[in-house]
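A.B. asks: Mind looking over this structure? Questions follow.
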């Protein structure tokens, strides 16, 4: 539904008694703290990090503010209501289709001018708006002082200063939401635009007409707005509106209208920001700026990246391994022995619970005892890097390297996020500009980017093996990624090239409690979502064994597994588990390595094949949704073939 107002374009819509539960849409620029505000208001948890596109879909939660129920909607960050990306379309659809009662506009005090440009567009929608001026702690650190009282008077909206990461200003924010005022459009445009707006407004009935902001989007020829108008008001009104638009375009071209409107908003924002902002000579961001610069420097950035990788390898391989050993000694071994002693009367049930493919031994104990310690260490490190703001700077460092795949530094973030979860990383590729970039990035994620659990387990294996295992495995996977990525780049022909424009966040000192909280929720997700899959995997292997199907599968795959890859028959079980979840197979392979069931050469070959092997089912389903069946199926078939061929080649070369 189109956002409406009264006849005066400066007055908001009439919502009196329209809904028992009011809707609040949180709107703002990327990385302005929207999700942090959302978490505080709803007392829930939504991922928060110091980089753009943390939120790529709409999140809704119920909350009670001032004794009244609300539905609060967290939206992806936008720079404009004019659509340049998928996330901007998602956010605009929330505004036009769901018709929120209030907009909680989340602005960044350190980027006031660009914040005000977006605010000007939001106010023109006529929806009551509260201006949450967030990141005030960073503004103070940079010596930026903002007169919020004067700013409030200029935008005719409550301006509440907040530092959401510290919880500051939330009480005032809740009060402002309760006492929200109608929005008032603040920008006036040249005569040709204002005349066109008046003519368009005359087409609609007094009690039911679109907002000034909607009509401005129509004037600029924004994609999808004409369809909205036709569905809401009918073909006749759309036809009359089109005639007005044709008349306007005879005087001024559409691109010039768009530029005129943008210039007017920018001039207004520039003058207002200059008037309400004072800059102090005192600033404490010098070290942070130098650290951020060094992390993306074409020479200094690489040693910093290697240091981070080494810290991750050491943490997972040493600290997590010791934690797992303690748990195994004091918790899981005694528990296994206790359960086994109770089941001596039933050999079948004994094997089902604590046997080789036992629900407890292979399922629950393997997941919690082996994986959880690894995840705790891994997520502590990645959460620290996210909150510091390192990942966007890494995008700049790797921008030139990614050009060999036909990608830009914008693709770095989805691929890096793949080391957390392949499925979410593939979803994040929708922020890339072209279909080719989305296909190539999704392929690279699925081919050789292990998720957090799998990566942690693989690092734990390599940490206890000779150092050459790490070098050969990484070299093989890295070379495969480069060759396959370049090949796919050459196969997909397109003339469209993307520009790499990225607004870098300030390096911040992360809050320890936020790192702990983020790690807790991620580990909790694994326990809730993945542990049952470990149990199902164990049950599947037990069923295959007792029915004899496992022996048949091993026999059928023997030419590939034992002859071409020179791996033991038992590793077929790893590949079966990998089809369900990559980490299931990785954990089972670790058990084989720890038990001495594979030698030096087989360890390397196994690591390479498992890392490159087919993505898990959930990621495959997302690929089907995001890329279409043709690309998803083709890429998965190619990945299986690449994994087997590269595994066989590595097996041959290391034995020479």
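A.B. asks: Counting only residues that are in contact (Cβ under 8 Å) with a residue 24 or more places away in the chain and outside any helix (DSSP H, G or I), which one in the range 595-639 is farthest from residue 442 (Cα to Cα)?
C.D. replies: In this case the residue turns out to be 597.
A.B. asks: Given the criteria in contact (Cβ under 8 Å) with a residue 12 or more places away in the chain and either touching a strand residue (DSSP E or B) at 6+ places or on another chain (Cβ under 8 Å) or over 21 Å from residue 255 (Cβ atoms) (or both), does residue 237 qualify?
C.D. replies: It is true that residue 237 is in contact (Cβ under 8 Å) with a residue 12 or more places away in the chain and either touching a strand residue (DSSP E or B) at 6+ places or on another chain (Cβ under 8 Å) or over 21 Å from residue 255 (Cβ atoms) (or both).
A.B. asks: Out of (1) part of a helix (DSSP H, G or I); (2) closer than 17 Å to residue 536 by Cα, what's the single condition that is false for residue 387?
C.D. replies: Here residue 387 clears every test but (2).
A.B. asks: Listed residues 4, 19; which is under 22 Å from residue 208 (Cα atoms), surrounded by fewer than 19 Cβ atoms within 10 Å (Cβ to Cβ) and at pLDDT below 85?
C.D. replies: Just a single option satisfies the conditions, and that option is 19.
A.B. asks: Only one residue in 298, 255 is within 38 Å of the chain's Cα centre (by Cα) and not in a helix (DSSP H, G or I). Which one? Before the answer, list the steps.
C.D. replies: Working: 255 fails: not in a helix (DSSP H, G or I).
Of the residues listed, the single one that is within 38 Å of the chain's Cα centre (by Cα) and not in a helix (DSSP H, G or I) is 298.
The rows are residues; the columns are (1) surrounded by 20 or more Cβ atoms within 10 Å (Cβ to Cβ); (2) in contact with a helix residue (DSSP H, G or I) (Cβ under 9 Å, 6 or more places away or on another chain).
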position	(1), (2)
439	yes, yes
445	yes, yes
449	yes, yes
459	yes, yes
490	no, no
503	no, yes
506	no, yes
528	no, no
531	no, yes
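A.B. asks: Only one residue in 519, 480, 494 is more than 15 Å from residue 607 (Cα to Cα) and either in contact with a strand residue (DSSP E or B) (Cβ under 6 Å, 6 or more places away or on another chain) or crowded, with 20+ Cβ neighbours inside 10 Å (or both). Which one?
C.D. replies: 519
A.B. asks: Quick one: which of 564, 534 is touching a residue at least 24 places away in the same chain (Cβ under 8 Å), within 20 Å of residue 461 (Cβ to Cβ) and in the same structural domain as residue 600 (by TED's automatic domain parsing)?
C.D. replies: 534 is the lone residue from the list that is touching a residue at least 24 places away in the same chain (Cβ under 8 Å), within 20 Å of residue 461 (Cβ to Cβ) and in the same structural domain as residue 600 (by TED's automatic domain parsing).
A.B. asks: If you check residue 27 against the conditions, is it at pLDDT 60 or above and within 21 Å of residue 210 (Cβ to Cβ)?
C.D. replies: Yes: the conditions hold for residue 27.
A.B. asks: Next question, about the same structure. Go through (1) crowded, with 17+ Cβ neighbours inside 10 Å; (2) assigned to a helix (DSSP H, G or I); (3) over 26 Å from the mean Cα position of the chain (by Cα) and name the single condition residue 331 misses.
C.D. replies: Of everything listed in (1) crowded, with 17+ Cβ neighbours inside 10 Å; (2) assigned to a helix (DSSP H, G or I); (3) over 26 Å from the mean Cα position of the chain (by Cα), residue 331 misses just condition (1).
The values are calculated or read from the model by the stated rules, or taken from the named source; none is laboratory data. Remember, it's a predicted structure, so these values are computed and weren't measured experimentally. Because the Cβ atoms are built from the backbone with ideal geometry, glycine has one as well, and the counts that use them run over all protein chains shown.
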